[in-house]
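Input: a single structure, listed below in structure tokens.
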Amino acid sequence: MKFAYTILYVEDVKKTVQFYKDAFDFELKFQHEKGDYAELESGQTTIAFSSFDLIRSLGKNPKRADSQTPNFELALVTDRLEDALQQAIAAGAKEIKAIERMPWGQSIAYVEDINGFLIELCTPMMI
């Protein structure tokens, strides 16, 4: 078994896809013709987006994301952390925490995407 993808529930799939393309340089993998579901290439794991309307039609009741009380975070690894942080902010992300060097040698920063999801931008782990 392998972890294949994560689906984030959002109001506007097309707008969210464009944000992730602009902020993190992800490429479109698939977008449903109705525009209520899409997937982005993000390395070994796919990031997918489903509209609230679509997921509600399947009997689920999703909640909006809130970076101040997150249920999870997406962690995106880069060797160019400062550049990645500035690119995300330029695309519309809100900086939550500036770059900080952690005791184990990794550097991290946090942003909030346009939907309220918490995203950790970090350097690779130094093992």
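The values are calculated or read from the model by the stated rules, or taken from the named source; none is laboratory data. Keep in mind that this is a model prediction, so the values were computed, not measured. Heads up, the Cβs are rebuilt from the backbone with ideal geometry, glycines too, and the neighbour counts pull from every protein chain shown.
Per-structure values
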quantity	calculated
Selection status of residue 53, more than 21 Å from residue 90 (Cα to Cα), part of a helix (DSSP H, G or I) and not aliphatic (A, V, I, L, M)	yes
Region 91-127, residues that are over 16 Å from residue 69 (Cβ atoms), outside any strand (DSSP E or B) and either among the small types (Gly, Ala, Ser) or free of Cβ contacts under 8 Å to residues at least 12 places away in the same chain (or both)	91, 92, 93, 102, 103, 105, 127
Answer residue from region 74-106, given it is of a type in the set (S, T, N, Q) and surrounded by 14 or more Cβ atoms within 10 Å (Cβ to Cβ) and is farthest from residue 8 (Cα to Cα) among those	106
Filter pass, residue 123 being surrounded by 14 or more Cβ atoms within 10 Å (Cβ to Cβ) and modelled with pLDDT under 95	no
In region 3-37, residue nearest to residue 92 (Cα to Cα) [restricted to those that are more than 14 Å from the chain's Cα centre (by Cα) and modelled with pLDDT under 95]	35
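Rundown of residues vs (1) over 14 Å from residue 17 (Cβ atoms); (2) buried (at least 17 other Cβ atoms within 10 Å of the Cβ), yes/no style:
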position	(1), (2)
31	no, no
40	no, yes
44	yes, no
49	no, yes
65	yes, yes
68	yes, no
